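The values are calculated or read from the model by the stated rules, or taken from the named source; none is laboratory data. Values in this document were obtained by computation on a predicted structure and should not be read as measured data. These accessible areas exclude ligands, DNA and RNA; they are computed on the full protein's heavy atoms, side chains included. Shrake-Rupley method; radii C 1.70, N 1.55, O 1.52, S 1.80 Å.
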Amino acid sequence: ANVNATKLRALPISLPPIEEQRRLVVRLRALSLKADELTGRQAHTVTELDALLPATLEKALRGDLYGAT
């Protein structure tokens with residue numbers, strides 16, 4: 001129940017070999033770049049949808065949502 005700094009320092013911590021750590025860093029950086037790219041695409045999509053909403057509502061209120069005249 002009581003863990004202090006001395007007890008924590010005594011705990012063994014297993015680390016993967018340095019080459020595996022490097023591979024993991026490369027992979028994580030690639031995933032981070034992909035996540036950033038997807039976040040940018042999502043923001044762009046939200047902007048486009050926000051721009052379409054007023055036009056869609058206007059068509060709906062005119063009764064022209066499905067191209068009917």
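Remarks
- Qualifying positions in the stretch 12-51 - open to solvent by less than 100 Å² (accessible area, probe 1.4 Å) and in a loop (DSSP other than H, G, I, E, B): P16, P17
- Any hit, the stretch 43-56, residues being modelled with pLDDT under 90 and not basic (K, R): yes
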